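The values are calculated or read from the model by the stated rules, or taken from the named source; none is laboratory data. In this text, all values refer to a predicted model and were calculated from it rather than measured experimentally. Quick reminder, even Gly has a Cβ in these numbers, built from the backbone with ideal geometry, and neighbours come from all protein chains shown. SASA here: full protein model, heavy atoms, side chains in, ligands and nucleic acids out. Shrake-Rupley method; radii C 1.70, N 1.55, O 1.52, S 1.80 Å.
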Amino acid sequence: MATGSLNSKINIMVVGGGGREHALCWKIAQSEFAGNIYCAPGNGGTAADARITNINLPVTDFAGLTDLAQDKKVDLIVIGPDNPLADGIVDYMEEKGLTVFGPRKEAAKLEWSKAHSKEFMLKHEIPTARFSVVKDFESAHKFVKENDWARVIKADGLALGKGVFVCNNEGEAIDALNAIFKEGRFGDAGSTVVIEEKLLGEELSLLLLIDGKTVMPLSACQDHKRRYDGDKGPNTGGMGAYSPVRLFDKNQSAIETQVIKPIEEALKKGTLDFKGMLFAGILVGVPADTATDASAATEKNESKDQGLTPYVLEFNARFGDPETQALMPRLKSDILPLLWASAKGSLSSEQIEWHDKASVCVVLSAENYPESSSKGKTIEVGNLPADAFVFHAGTQLDGDKLLTNGGRVLALTALGDTIESARENAYKAVKQIKFADMSCRSDIALKEVGQCLST
Ligand code: AMP
Ligand code: GLY
């Protein structure tokens with residue numbers, strides 16, 4: 001088995017069964033170092049790919065996954081989702097002698113405790129919204145009444161992206177506190193809340209590959225979290241993404257000095273012990289009470305004259321979904337040496353290269369997602385345009401029939417020379433897919449195209 005840098009084939013197991021994991025397996029399968037590839041539990045897409053073997057074990061079965069990895073002589077395990085990381089899958093597997101890509105439980109706390117993550121940002125002077133951590137309804141209620149900037153309420157723990165309430169007034173903020181403390185809607189995740197000031201601006205996702213010492217930023221992405229066109233409707237796991245992002249280019253130096261550098265210094269000083277993927281959700285903008293309205297921040301953002309701050313809204317301790325589906329087709333480098341180096345602490349001798357192309361990823365979901373999912377509907381895939389890729393999320397293979405099996409069903413990613421042509425290709429690809437209750441947003445990357453056309 002290879003040690004420092006990879007120099008021979010290795011066997012890999014990817015843990016998870018969503019679009020992110022299919023995209024990772026797809027990219028790993030192209031590696032010159034890929035031996036056997038397993039995906040647990042995988043989905044219809046990984047099942048249909050002859051290079052990948054699905055393992056019918058849930059991500060919660062640490063003992064089963066570990067036994068299987070040992071049995072199949074797996075050299076590297078790549079953890080996709082947040083829950084097993086928060087429950088200590090990396091600690092468990094490493095203690096059994098396995099090599100794992102991903103952070104240990106204490107490091108993943110940057111994702112599973114918003115309060116911890118905010119304290120980390122405060123301590124390391126990473127810009128983040130003003131906040132207070134509160135542990136009971138009465139104190140939280142008093143805080144919201146006394147501070148008219150306190151309009152964003154977040155349940156502390158993992159809540160499937162649903163524990164964040166961005167409120168317009170005091171009444172809505174108090175309703176959110178009721179939902180968290182009185183109704184107990186988020187269980188243990190809601191025993192503590194973070195109360196924040198509201199920010200206005202534009203968001204981007206920045207993924208940072210880390211090996212304990214070195215930080216390697218990936219190309220920036222933008223996610224579309226709301227369910228419907230025009231950023232309307234409930235928050236979802238993500239309805240589409242694109243990369244690269246001009247918002248990043250315009251603010252690159254501020255992001256490097258105010259976000260990336262403090263993380264590098266924390267690693268150097270030993271106040272952060274992290275390996276795996278650290279995903280920063282960044283909002284470039286201003287506090288709401290310093291902007292007259294939402295367009296003020298956006299307008300400023302479009303001007304050449306910056307002066308906006310890159311606020312970190314949250315950290316995740318893993319690859320993003322659907323960011324990964326947008327990024328993998330753009331990644332020119334072999335991914336395995338990078339994942340391996342992150343797990344082994346040898347990232348400083350690696351480099352990352354990107355294709356000079358833009359990508360747009362459109363998620364096809366069930367009509368009623370996120371309230372409900374689609375099950376057992378036949379999926380037909382027609383002739384896809386060149387440079388378009390289908391990543392599966394909620395699908396299953398029944399013999400040779402592909403069926404729906406989840407809320408987010410497929411993610412279609414297309415490349416193009418410009419974001420505009422990538423977008424056109426992605427929507428051409430969408431027209432080639434059919435299932436009974438299929439739905440998608442029609443405006444993925446539209447704002448970015450607007451910006452590109454206008455300059
Ligand atoms: P989070 O899970 O913390 O990233 O929050 C989910 C979404 O809520 C973000 O992508 C933002 O759109 C929004 N959000 C979170 N925090 C704030 C904030 N302080 N001000 C405005 N919007 C926010
Ligand atoms: N796309 C946001 C996330 O993966 O959390």
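Worth pointing out:
- Residues in region 7-100 average 36 Å² of solvent-accessible surface per residue, probe 1.4 Å, ligands and nucleic acids excluded.
- Rolling a 1.4 Å probe over the protein heavy atoms leaves Ser439 with an accessible area of roughly 20 Å².
- Whole-Å distance, taken between Cα centres, linking region 144-177 and region 395-427: 34
- When the solvent-accessible area of region 357-455 is split by element, carbon and sulfur atoms take up 48 percent of it, the probe being 1.4 Å.
- With the charge dipole of the chain set up from +1 on Lys and Arg Cβ and -1 on Asp and Glu Cβ about the Cα centre, the Cα lying farthest toward the positive end among the listed residues Leu24, Gly171, Val360 is that of Leu24.
- Sites excluded, GluC sites (Glu not before Pro) in DSSP loops with at most 15 other C-beta within 10 Å, longest stretch of the chain: 184-352
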